[in-house]
Amino acid sequence: MRQPTDFRPAVLAAGLCAALACTALAAAPPAPATAATQPKAGGATYAMADFARVRKYDAHVHYNVADPAFLEIAREDGFELMTINVDYPDFPPLAKQREVALMEHAADPARIHWAATFSMHGFGQPGWEKQVESGLRDDVGRGATAVKIWKNVGMVEKDAQGHLVMLDNPALSPVAEYVRGLDVALIGHQGEPHNCWLPLSQMTTENDREYFGHHPQYHMYLHPDQPSYDDQMAARDRFVAAHPKLRFVGAHMASLEYDVDRLAAFLDRFPNASVDLAARMGQVQYQSVRDYAKVRDFFIRYQDRLMYGTDLTYEPGGDAAEFKRSADAVWRSDWQYLATGETQHVDTVKADVPGLALPRAVIDKIYYANAVREFTAPRR
């Protein structure tokens with residue numbers, strides 16, 4: 001089957017859009033839930049006034065510059081951070097990401113945590129596996145409590161025969177087992193938002209329709225020679241099934257953001273898996289505007305398997321004051337949606353979105369306890 005010469009821009013551009021959580025409704029939504037139609041909270045809930053005082057953990061950020069701004073706003077707003085190194089060419093080189101992670105972790109080890117990663121350069125060549133293992137062993141020894149494998153596996157990287165390397169490639173299995181042996185979590189980001197594989201007329205969000213309409217070369221629906229969305233999910237599922245003792249964290253709601261029922265089925269099938277919510281809040285809000293009770297019930301039912309995250313990224317050259325304002329706004333908006341019953345107008349979905357008013361016990365798990373469980377130091 002023909003392989004395009006390079007789909008790296010598709011991966012990067014779509015990922016940037018997701019990181020900004022730029023979701024919009026495809027059509028006018030039904031009337032939003034009101035106080036009269038919302039389910040009862042089922043327990044005491046938090047208010048906006050509680051935001052800064054409650055202990056919280058953003059399980060998916062990228063702290064890519066040695067500057068205290070991110071740490072400062074995390075302290076002000078009551079967050080611990082998991083900064084994730086990732087083999088993304090638009091980020092600083094892996095060595096620089098690692099340097100920043102170590103520096104910020106040393107500045108406040110109780111608040112800044114980090115996830116290591118590895119390069120696919122040399123994959124399939126003698127010595128690659130041992131080199132990866134040596135690097136990960138050193139990183140865990142220096143405080144990393146997770147390892148990230150990015151969507152370049154499945155969408156960019158190719159083997160010697162020119163075929164895409166999928167996550168269930170047998171050569172990646174020893175690395176997964178090595179991570180398991182280190183007793184840290186593996187964070188997996190496979191595929192893209194579901195919209196990427198749909199025709200424009202069927203996309204659920206306006207931002208995706210606009211972006212892929214102007215960039216057809218990145219629109220996977222137009223490239224049937226590439227693995228399908230279901231191909232990507234099936235490879236990931238085979239991988240998780242093959243490593244039942246591995247702590248697996250599905251980044252970005254395991255790329256099942258469009259359907260909480262399908263995500264529920266994934267979590268039911270794989271008891272060793274959890275997911276973060278990074279850069280997918282708009283997709284959740286899209287669903288809750290249409291079926292408030294189902295989405296709220298999902299969060300309550302899977303309260304032990306969900307971790308709050310944003311994908312906030314602080315890059316070299318960024319304006320520190322503006323970044324702090326932006327981070328604070330994102331965190332407070334998400335808190336309003338998840339923790340309170342207040343309605344807010346969400347521009348990214350062009351709707352008035354009622355808060356889920358999740359019980360305090362549920363919020364405490366999603367916002368803190370689950371991340372602490374998954375991202376503790378090795379448990380041996």
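The values are calculated or read from the model by the stated rules, or taken from the named source; none is laboratory data. A quick note: this is a predicted structure, and the numbers were derived from the prediction, not measured. All Cβ positions, glycine included, derive from the backbone under ideal geometry; neighbour counts span all protein chains shown. Protein only, heavy atoms only, side chains kept; ligands, DNA and RNA dropped before computing areas. Shrake-Rupley method; radii C 1.70, N 1.55, O 1.52, S 1.80 Å.
General observations
- Residue ID - surrounded by the most Cβ atoms within 10 Å (Cβ to Cβ), chosen from residues in segment 145-166 that are part of a helix (DSSP H, G or I) and in contact with a Gly (Cβ under 8 Å, 6 or more places away or on another chain): GLY154
- All of (1) open to solvent by less than 10 Å² (accessible area, probe 1.4 Å); (2) more than 19 Å from ASP208 (Cα to Cα) hold for ASP304 with one exception: (1).
- Taken over segment 169-199, the criterion of being farther than 19 Å from ALA273 by Cα and either of a type in the set (Asp, Glu) or without any contact (Cβ under 8 Å) to a residue 24 or more places away in the chain (or both) is satisfied by ASN169, PRO170, LEU198, PRO199.
- Qualifying residue in segment 77-89 (condition: farther than 23 Å from VAL275 by Cα, modelled with pLDDT of 95 or more and among the small types (Gly, Ala, Ser)): no
- Residue within segment 110-123 that is among the aliphatic types (A, V, I, L, M) and surrounded by fewer than 14 Cβ atoms within 10 Å (Cβ to Cβ) present: yes
- Verdict on ARG332 being open to solvent by 10 Å² or more (accessible area, probe 1.4 Å), under 17 Å from THR45 (Cα atoms) and in a helix (DSSP H, G or I): yes
- Among (1) closer than 25 Å to SER274 by Cα; (2) more than 22 Å from the chain's Cα centre (by Cα) - the single one THR117 does not satisfy: (2)
- Conditions (1) at pLDDT below 95; (2) in contact with an Asp or Glu (Cβ under 9 Å, 6 or more places away or on another chain): number failed by VAL140: (1)
- Inspection of segment 274-294 finds a residue satisfying the criterion of being within 13 Å of the chain's Cα centre (by Cα) and either acidic (Asp, Glu) or exposed (fewer than 15 other Cβ atoms within 10 Å of the Cβ) (or both).
- Filter result for VAL362 (touching a residue at least 40 places away in the same chain (Cβ under 8 Å), surrounded by 17 or more Cβ atoms within 10 Å (Cβ to Cβ) and not in a helix (DSSP H, G or I)): no
- Segment 194-228 - residue that is closer than 21 Å to HIS163 by Cα and in a loop (DSSP other than H, G, I, E, B) and, of those, modelled with the lowest pLDDT: HIS219
- Number of residues in segment 150-185 that are within 24 Å of the chain's Cα centre (by Cα) and either of a type in the set (S, T, N, Q) or at positive phi (or both): the value is 5.
- Residues of segment 243-270 that are open to solvent by 30 Å² or more (accessible area, probe 1.4 Å) and within 15 Å of the chain's Cα centre (by Cα): TYR258 alone.
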